[in-house]
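Student: Submitted below is the structure of interest, expressed as structure tokens.
Only the coordinates and a few stated rules stand behind these numbers; no lab work does. Note that the coordinates shown come from a computational prediction; the quantities given were computed from them, not determined experimentally. Neighbour counts run over all protein chains shown; Cβ positions are idealised from the backbone, glycine included.
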């Protein structure tokens, strides 16, 4: 069978002052897959995103994007290869309007002004906020700011989108809306999505597979249904005794 993996995490480890944030992590992400990363606070989830996106150097192991090792690359180089990410705390350029915020991504990737605007308008349509294009970013509601954060990353036309808790702080109906948006993006663009999320409602509804981290170690990797029945995941994260 042909290898359809777009991203491989091979024996990746990272320590901070002797504390193992990640310890020999291994998994693959398939093309056009939505893969969830879950686990308790301090499990190493955001550290993993920082390693993939180049904001933190890898201590040991390889991160291979379409066969290319990302370990020696800077964040802007990784971004131009086709990996975009969001951050837990949304920080739009508040003095710019929504359209200008989204255009910044494609302009940084050498799009012409005309093409950057066209891409930004298409992305705002996908995210369901085209009517906000001339609103100042600081005037958006939290759900709208979350969608703007996704739009800014998506407008760089990535191959992989890394989403760091884009559902945090949203009401259940807002979570459902964001899930439908992400599934539409995945299906329409064939985009690979790697998402860190605590909202199990979102994870169960959107992810094809889930990787579970706990204290820097991978303790499970399986389908959403299988993960909810995994004894160690239940003990360490879901908060119930499997017995």
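Student: Once the Cα atoms of the range 24-172 are picked out, what are the Rg and Dmax in Å?
Tutor: Here Rg and the maximum Cα pair distance are 15.9, 46 Å.
Student: Neighbour counts of other C-beta atoms within 10 Å: give me 203, 102 arranged from fewest to most.
Tutor: The order, fewest Cβ neighbours first, is 203, 102.
Student: From the Cα gyration tensor of the range 83-157, with a ≥ b ≥ c the square roots of its eigenvalues, which class applies: rounded if a/c is under 1.5, or else prolate if a/b is larger than b/c, or else oblate?
Tutor: Prolate, because a/c is 1.5 or more and a/b exceeds b/c.
Student: Related question: Report the Cα centroid-to-centroid distance between the range 172-243 and the range 58-100 in angstrom, as an integer.
Tutor: Result: 22 Å between the Cα centres.
Student: Going highest first, how would you order 16-25, 228-237, 162-171 by mean Cβ packing within 10 Å?
Tutor: Descending mean neighbour count gives 162-171, 228-237, 16-25.
Student: Counting just the Cα atoms, what span does the range 159-243 cover along each of its three principal axes? Round to the nearest Å and put the largest first.
Tutor: Largest first, the range 159-243 extends 41, 28, 21 Å along its Cα principal axes.
Student: Among 211, 58, which comes first, then next, by fewest other beta-carbon atoms within 10 Å?
Tutor: The most exposed by this proxy come first: 58, 211.
Student: Highest GNM mean-square fluctuation, the chain, Cα pairs closer than 10 Å: which of 116, 202, 108?
Tutor: Top of the fluctuation ranking is 108.
Student: Calculate how steeply helix 113-126 sits against the longest principal axis of the alpha-carbon atoms of the chain, using the helix alpha-carbon long axis, and give the answer as 0 to 90 degrees to the nearest 10.
Tutor: For helix 113-126, the angle is close to 60 degrees.
Student: Further question on the same structure: What's the Cα-based Rg to Rh of the range 1-62, Rh via Kirkwood?
Tutor: Result: Rg/Rh = 0.99.
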